[in-house]
Amino acid sequence: MKKYIQLRDYAKNHSVTYRTAWNRFNAGKIPNSFKDENNNILVEVINEKNIDLLKVAIYTRVSSNENRANLDTQAIRLKQYSIARGYQIVEVVKEVGSGVNDNRKKLKKLLESDSWGTIVVEHKDRLTRFGFNYIEILLNKEGRKIEVVKSY
């Protein structure tokens with residue numbers, strides 16, 4: 001049986017304002033959403049794996065060993081951020097490697113894991129230099145999300 005939620009609940013679940021969710025709906029960026037006969041915007045809940053978006057994995061990355069000390073400071077900032085948002089931290093991943101390398105073992109292992117619903121990163125480029133939007137789309141289809149703390 002299909003389950004639907006109102007747009008305000010969708011906004012809350014995706015950590016965006018109602019206005020942002022409304023703009024996404026109008027742009028056709030929310031799959032399986034529609035207006036009912038009373039003009040309420042409804043969004044189908046697709047969460048077959050029963051993923052809890054409050055369970056987060058923190059991912060930190062630096063490009064070289066020279067910057068290794070920054071891994072710990074990234075992790076500390078993201079832990080504080082996650083705790084302040086009321087998230088349950090289930091995993092913290094620290095990796096040294098290029099953002100253009102698509103064969104990072106720790107990131108692969110993280111993406112294959114079912115223990116989290118949200119990946120928290122400091123900047124988009126900490127996750128990947130190219131293809132961020134593709135990863136985000138695929139995770140959204142799975143009922144998961146990426147939360148970027150600071151955007152440029």
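Computed from the coordinates by the stated procedures, all read-outs in this text should not be read as laboratory data. For clarity, every value in this text was computed on a predicted model and none was experimentally measured. Cβ coordinates were reconstructed from backbone atoms using ideal geometry, including for glycine residues, and neighbour counts include every protein chain displayed.
In whole percent, what relative contact order does the chain give with Cα contacts below 8 Å and a gap of six or more residues?
Details: 225 pairs, mean separation 34.8, N = 152.
With pairs under 8 Å counted, the relative contact order is 23 percent.
Normalising by the residue count of the stretch 3-45, find the relative contact order in percent from Cα pairs under 8 Å and 6+ residues apart.
Relative contact order, the stretch 3-45: 48 percent.
Counting other beta carbons within 10 Å of each residue's own, what order do ILE135, ILE76 fall into, fewest first? Could you put the intermediate results ahead of the total?
Details: ILE135 16, ILE76 12.
Ascending Cβ contact count within 10 Å gives the list ILE76, ILE135.
What 222 nm value per residue comes from the helices of the chain, counting each DSSP H run with n ≥ 4 as -39,500 (n - 2.57) and dividing by all residues, nearest 500 deg cm²/dmol?
My calculation for the chain gives -10000 deg cm²/dmol from helical runs alone.
Provide the packing ranking of 22-30, 5-13, i.e. peptides ordered by the mean count of other C-beta atoms within 10 Å per residue, highest first.
The packing order, highest mean first, is 5-13, 22-30.
Determine the percent antiparallel among the DSSP beta bridges restricted to the stretch 1-142, to the nearest 5.
About 40 percent, rounded to the nearest 5.
Looking at the chain, do any whole DSSP H helices span at least 20 angstrom along their long axis by alpha carbon and average -1.0 or above on Kyte-Doolittle, and which?
69-84
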